[in-house]
Structure formats: C-alpha cells, structure tokens
Amino acid sequence: MIGNDRVEVRKTHKLFVGGAFPRSESGRTYEATNSQGEFLANVAKASRKDARDAVLAARTGFNSWSKATAYNRGQVLYRIAEVMEGRKDQFISDIQDAEAVSAKKATHQTDQAIDRVLWYAGWADKYAQVLGNTNPVSGPFFNFSIPEPTGVVAAVAPADSSLLGLISVIAPIITSGNSVIVIASTASPIPAITLSECLATSDVIAGNINILTGDPAEIMPSLASHGDVNALDLTGITDPELQKALQIEAAGTVKRVRSAPVNPDWQATPSLSRLRAFTEVKTVWHPLGM
Amino acid sequence: MSSLDSQSPNMRSASSHKGLHALLAGLSGVDQVGAEARAAALGTRSIKKESKVWAIDTAISMVDLTTLEGADTVGKVTAMCSKALHPDPTNPSTPSVAAVCVYGDLVPAAREVVGDRIHVAAVATAFPSGRASLGVKLLDTREAVAAGADEIDMVIDRGAFLAGNFGKVFEEIVAIKEACGDAHLKVILETGELKTLDNVRKASWLAMKAGADFIKTSTGKVAPAATLPVTLVMLEAVRDYYTQTNVRIGVKAAGGIKTSKDAIKYLVVVNETVGDAWLTPDLFRFGASTLLNDLLQQRQKMLSGHYSGPDYVTID
C-alpha cells in the first residue's frame, strides 16, 4: 500500500452513537491488530460515560423507531443490506485482516451477513403474525396477543465472528422495533466500524443502532444496572463469572437477559428465538359487536 | 446610548420619571462577548460527588414546579401539587420543591393540596403577553392574591419598554406591587424579547427600583428563555443593587432549563456572582416542569450508584 514516498493516512476510528461519530469521552484509544499482532488502526476505547450517552441516544431512537410501521422497518433493513452490498470489498478485506481467513471465507461471511439482514428485513412485517395470536376465550370478546418491542437493548457481539456474528445480534433486536447499544468484538472491531459507516449512510434512525468499541467487562456492568436499559444480550460474554455478575446486576432493574449461546453456529439459518427474546407480549380484550 | 434613552416618545412620562431615565441611561453597557465567555467558563467547573448531592437537593428545593398550559385542569394541578410536596415518593428524604406555579384561576385547587407547606405562585397581569390595560392587570393580580396566592409572577409591558417608555413600565410594577399586598412579587422581564444584554440590565434595575422582590428571566413561552449569560447579567444587577441599598432581590431563571447539569451550572453562577447567601429558595428559583424529573433521576443515581431512567419518575 505504501508506494513511493507517500505516507499512508493512519486511522483513529470513533464510536457510533446517536447517528454521529464521537470520540470516546475519555479520550482513550487502543490498537486493533490482525491475528499476527500487526497494527491495523487505532480504535476508540469506550468508557462508562460513553455507554450512558449511548443509552440516551438509544432511548431517543427507540421513541421514533418503535413507532415506525413494520413495513417501513423492513424497508430500512433492506436499505442497510443495499449499502453493505456496495461496501462488500471493504468488508472482505476487513474480515481477512481481522480473522486471518482466506478471501473465499471472508467473502462467504460477508455474503451471509448481507443475506442475514435481508432475512430479518423480510420478517419485520411478518413476525407478529407468527409470534402473535388470536386466543379463544369463553366470552363475547376478541382476544389478541401481540408482540411489541422491549425497548433499549444492550448487547455484546461475539468475539470470533466479526461481521456475521455482529449482524446476527443487531438485526433481530432492531427488526421488532427495539434500539440497540452493541459492543463490537474487542479483538476484531474494524468490520463493526465499517458497518457503522454503512448504517450512517442508510436510513437508520439516529440512535437506533449504537456501536461501541472497547472492553465489555468495563462497559457492560453500568449498562446492566442502568435503569433505562430494558434488556441485555450477552452473546459475546464468554467469561461465566462476568456473565453471572451481569445477570445479577440486571436483576436489580428486572431486565430481560439473553445468555451467551453455547457453541453458536452463525452460518446456520437462524430461528425466531432472537427476535422473540426482545419482545413483550401484549394481550388485548376487545368486546364483540361493538 | 444615553441620548436615545432620554428621547422617550412619551414626554409626559419622561419628564415625571427623569430620575429613572437618568439612572437607566447611566448604567454601563454589557460586554456581551465577555458575559458569554464568563458564563461558559463558570459552566465548565467540575463538581465533585458530595457537592453534587448537595447541589441536586438544593436545586430541587429551589424549583417552582410549573404548569401554564391552556389545557390545565384541576386534576392536573392536583397531581402536580402532590408531586411538589413529595417529588420522589419512593424516597421520603427528597426535599419538597419551593412552590407550585399556576394560572390565577387554579390557585384555589393548588392551595387545597399544598396547604401552607409550600408556596403557591400565580402568574398574573395578562400573562404571558402582558397586553391588557392596567385595570385588567390589577384585577387579575387582586383575584389571584384573594384566591390565596402568596407569590405573583407578573410580566412587564415589553412593548412599552422597547419603545423607551420606562415610566409606564415602572408605574405598572409599582401599582401591581401595591395590589399584591403581602404576596411576593416576581417581575418577568421576558429577556428573549428584550434582545440585548444592555436591555436586560436596564429592565433588571427598573424592576428592582419599582419594588420587585424577585426578577425573573422569562415566561417560558418565548425562545430563547433563560440562558446562562442573561442570568449572569441579572445576578450582577442584583449584586450591584445590594451593594447600594443593602436589599437582597431574588432571581428566578425560568424556561429551557431541562437537565441537572444545567441547573448546577446556574448554581455555580449564582455562587460566583452574588455569593452563597443567594443559594436559598428565598433568593433563587428555577421555573421548570421537566427539570424536576431529571434532578430526581440524578438523585436516584447518586444514592443507588446506578443510572436511573424515565420509568422511575412520574410523567407530569
């Protein structure tokens, strides 16, 4: 890359919060390296205050995103896939650097990640028909159960699947109308940063998806106890002690918690379990003959 | 500057208020850039945890919990008054706010709930525009006082002020002060409509000379409402007035203050401008509706150690 006497522009990546790219409030960064330990870029190291700001942004984002129609949410997800398609080459090279895999494997992961967004885009206006129900009741009422988004979800992306795993965590959370604060893979954050650049140029509502880079063990405890976070997705937490501590913290404000899956297979077609995990069921009794 | 002021369009008033015109014309101009820089610098003070706990409780006790909507009902005022008495029902150590602030016709409803535990303030004098005859304004004031208001928030006639008719504004304040009887008088300058900090300084002096117990930034109906530089200029006027007369006038910053962080900045400006004698609900107030919820969330955060959220405070 470094040709002749040109000096390459070295990057210091930033966080993605509220649709903007702020530096960490703490001013800290860390070095992202490839699997051989070679320097790739400087990456912002988010602090607890950054997480707090992200919660505010996510709450604002939730207030408009959860009111968007299911059809519109599907369109926005589709638009994310469109923008990702245009950045495919960058994703492939990012994944190759981050995970030390062949171009073929990196391409396959990128294709799958984009297809996964499309898969959830399709579900946006259909999942309620599958997870919801009309219930037979012994009285003159219609009785419906309807899934609704839980609210603000704090998630940890898996450490090993830097793009497909990340997308597989984000997409089901936002499909139903939630907002998400996701902590990208600490070791391989660059694909997540490229994704945030895609999100900023698609139609995602500001604050709906917030991507932090840094150490989940530092950031997650304050999110787990935060009164304005409604659910946790601990997918990327591999340390059982930390997972337990976060679950205990979350209990103080009665959050939904989805624990880390055992040996997840990101390549497999997902079920609706991730979508269902961050919804609340509302049951409505409607009098007949009115 | 002074030549313009002395050429009042109302010559009769100008001649009968020569002293007032001379006083206002003699005030030095405000360095706007300097005032903004000073306010911004004070806003960057780092407040440590114990001070923050104190500041939040002080700020809560200085709030005039306000509802001034056309859609106000007795039910809404009743609920707001309960909240004013016990802002955080989950924690009885939370202080009550200083007062509730309502339209005159809702004073009885407010008084019924709060009794004599906290003050009831009523806006009067054709709030928020102030466009009515003096007779109407006086009646508005007397009715609110008779209904049990112990604080009256009046608006000045900005039209008359901007036209240079200071005598008219002065006389109105004097008349309303008389109509207030024992009730405290807060004079709303509506700084958003006065446009310049020079005018804010003049209006502050005018109101204090006319007998205001408090000078208040804004109605909350005009943007910009309270800002830090405007409040700084008003506090400086209060400080200078105190040096001359030994009388302490209160200041109320109203409108647009929404977060605890903002409120603490105001407390810093108060402390640094007029001193800690003013850090009491008797001399400094916040006119606010949404600020209280943020103060309560920050208070919960201080005591519990984790961030609170809007789910843990009441919706007004």
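Which one of these is buried (at least 17 other Cβ atoms within 10 Å of the Cβ), in contact with a Leu (Cβ under 9 Å, 6 or more places away or on another chain) and either within 14 Å of chain A (Cβ to nearest Cβ) or part of a helix (DSSP H, G or I) (or both): B:265, B:258?
B:265
Could you go through the stretch A:88-108 and let me know if any residue there is among the polar types (S, T, N, Q) and farther than 19 Å from residue A:266 by Cα.
yes
Quick one: which residue in B:59, B:55, B:37, B:22 is free of Cβ contacts under 8 Å to residues at least 60 places away in the same chain and within 21 Å of residue B:257 (Cα to Cα)?
Checking each option against the conditions leaves just B:37.
Restricting to the stretch B:113-141, give me the number of residues that are among the charged types (D, E, K, R) and either at positive phi or buried (at least 18 other Cβ atoms within 10 Å of the Cβ) (or both).
Step one: list which residues in the stretch B:113-141 are among the charged types (D, E, K, R), which gives B:116-117, B:131, B:137, B:140.
When the remaining residues are screened for being either at positive phi or buried (at least 18 other Cβ atoms within 10 Å of the Cβ) (or both), the result is B:137, B:140.
Adding up the residues that qualify gives 2.
So which residues in the stretch A:102-111 are surrounded by fewer than 18 Cβ atoms within 10 Å (Cβ to Cβ) and assigned to a helix (DSSP H, G or I)?
Hits for the stretch A:102-111 are A:103, A:104, A:105, A:107, A:108, A:111.
When only residues in the stretch A:226-246 that are within 19 Å of the chain's Cα centre (by Cα) and more than 14 Å from residue A:181 (Cα to Cα) count, which is nearest to the other protein chains (Cβ to nearest Cβ)?
The residue in question is A:246.
Mind counting the residues in the stretch A:248-275 that are in a helix (DSSP H, G or I) and more than 19 Å from the chain's Cα centre (by Cα)? Lay out the reasoning, then the answer.
Filtering the stretch A:248-275 for residues in a helix (DSSP H, G or I) gives A:248-251, A:273-275.
The next check asks that each one be more than 19 Å from the chain's Cα centre (by Cα); those that pass are A:248-249, A:251.
Here the count works out to 3.
Report, by residue number, each residue of the stretch A:13-29 that is within 26 Å of residue A:230 (Cα to Cα), away from chain B (no Cβ under 14 Å) and in contact (Cβ under 8 Å) with a residue 24 or more places away in the chain.
A:14, A:15, A:16, A:17, A:18, A:19, A:20, A:21, A:22, A:24, A:26
Residues of the stretch B:269-316 being modelled with pLDDT under 95 and among the hydroxyl-bearing types (Ser, Thr, Tyr), which ones?
Selection gives B:289, B:290, B:304, B:307, B:308, B:312, B:314.
Being buried (at least 16 other Cβ atoms within 10 Å of the Cβ) and assigned to a strand (DSSP E or B) is the filter here, so list the residues in the stretch A:1-32 that pass it.
Correct list: A:13, A:16, A:17, A:29, A:32.
Looking at (1) aliphatic (A, V, I, L, M); (2) surrounded by fewer than 18 Cβ atoms within 10 Å (Cβ to Cβ); (3) not in a strand (DSSP E or B), can you tell me which one residue A:41 breaks?
(3)
Scan the stretch B:190-207 for residues that are within 12 Å of residue B:226 (Cα to Cα) and in contact with a strand residue (DSSP E or B) (Cβ under 7 Å, 6 or more places away or on another chain) and jot them down.
Of everything in the stretch B:190-207, just one residue is within 12 Å of residue B:226 (Cα to Cα) and in contact with a strand residue (DSSP E or B) (Cβ under 7 Å, 6 or more places away or on another chain), namely B:190.
Scanning for something surrounded by 14 or more Cβ atoms within 10 Å (Cβ to Cβ), touching a Phe, Trp or Tyr at 6+ places or on another chain (Cβ under 9 Å) and assigned to a loop (DSSP other than H, G, I, E, B), does the stretch B:22-36 turn up at least one residue?
yes
State all residues of the stretch B:274-289 that are over 17 Å from the mean Cα position of the chain (by Cα) and not in a loop (DSSP other than H, G, I, E, B); if no residue qualifies, say none.
Hits for the stretch B:274-289 are B:276, B:277.
Being in contact (Cβ under 8 Å) with a residue 24 or more places away in the chain, among the β-branched types (Val, Ile, Thr), in a helix (DSSP H, G or I) and away from chain A (no Cβ under 14 Å) is the requirement here; does residue B:251 meet it?
no
Say we look at the stretch B:304-316 and pick out the residues that are touching a residue at least 40 places away in the same chain (Cβ under 8 Å) and more than 12 Å from chain A (Cβ to nearest Cβ); which of these is nearest to residue A:252 (Cα to Cα)?
B:314
For the condition touching a residue at least 24 places away in the same chain (Cβ under 8 Å), assigned to a helix (DSSP H, G or I), within 14 Å of chain A (Cβ to nearest Cβ) and not acidic (Asp, Glu), what is the one hit in B:296, B:292?
B:296
Pick from the stretch A:44-62 the residues that are in contact with a Leu (Cβ under 8 Å, 6 or more places away or on another chain) and more than 12 Å from residue A:223 (Cα to Cα): which of them is surrounded by the fewest Cβ atoms within 10 Å (Cβ to Cβ)? Steps first, answer last, please.
So in the stretch A:44-62, the residues in contact with a Leu (Cβ under 8 Å, 6 or more places away or on another chain) come out as A:44, A:46, A:50-51, A:54-55.
Within this subset, residues satisfying the condition of being more than 12 Å from residue A:223 (Cα to Cα) are A:44, A:46.
Working: A:44: 26, A:46: 30.
That would be A:44.
I'd like to check something: does the stretch A:244-258 contain any residue that is touching a residue at least 12 places away in the same chain (Cβ under 8 Å) and closer than 27 Å to residue A:94 by Cβ? Spell out the reasoning first.
We begin by selecting, within the stretch A:244-258, every residue touching a residue at least 12 places away in the same chain (Cβ under 8 Å); these are A:245-247, A:249-250, A:252-253, A:255-258.
Next cut, closer than 27 Å to residue A:94 by Cβ only: A:258.
Scanning the stretch A:244-258, I find at least one residue that is touching a residue at least 12 places away in the same chain (Cβ under 8 Å) and closer than 27 Å to residue A:94 by Cβ, so the answer is yes.
Could you list, in sequence order, the residues of the stretch A:192-207 that are more than 15 Å from residue A:166 (Cα to Cα) and buried (at least 24 other Cβ atoms within 10 Å of the Cβ)? So that I can check it myself, show each step before the final result.
First pass over the stretch A:192-207, keeping only residues more than 15 Å from residue A:166 (Cα to Cα): A:200-207.
A:207 - this is the single residue of the stretch A:192-207 that is more than 15 Å from residue A:166 (Cα to Cα) and buried (at least 24 other Cβ atoms within 10 Å of the Cβ).
Would you mind finding the one in A:250, A:260 that is within 14 Å of chain B (Cβ to nearest Cβ) and surrounded by 13 or more Cβ atoms within 10 Å (Cβ to Cβ)?
Sole residue among the options that is within 14 Å of chain B (Cβ to nearest Cβ) and surrounded by 13 or more Cβ atoms within 10 Å (Cβ to Cβ): A:250.
Among strands (runs of 3 or more DSSP E) lying entirely in the stretch B:67-179, which contain 3 or more residues that are touching a residue at least 12 places away in the same chain (Cβ under 8 Å) and over 25 Å from residue B:294 (Cα atoms)?
The strands (runs of 3 or more DSSP E) meeting that bar are B:151-155.
Matching residues to (1) without any contact (Cβ under 8 Å) to a residue 40 or more places away in the chain; (2) closer than 23 Å to residue A:179 by Cβ; (3) of a type in the set (D, E, K, R):
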site: A:7; (1), (2), (3): yes, no, no
site: A:31; (1), (2), (3): yes, no, yes
site: A:34; (1), (2), (3): no, no, no
site: A:44; (1), (2), (3): no, yes, no
site: A:47; (1), (2), (3): no, yes, no
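The values are calculated or read from the model by the stated rules, or taken from the named source; none is laboratory data. Since the model is a prediction, treat every value here as computed from it, not as a measurement. In this analysis, Cβ positions are derived from the backbone assuming ideal geometry, glycine residues included, and neighbour counts consider all displayed protein chains.
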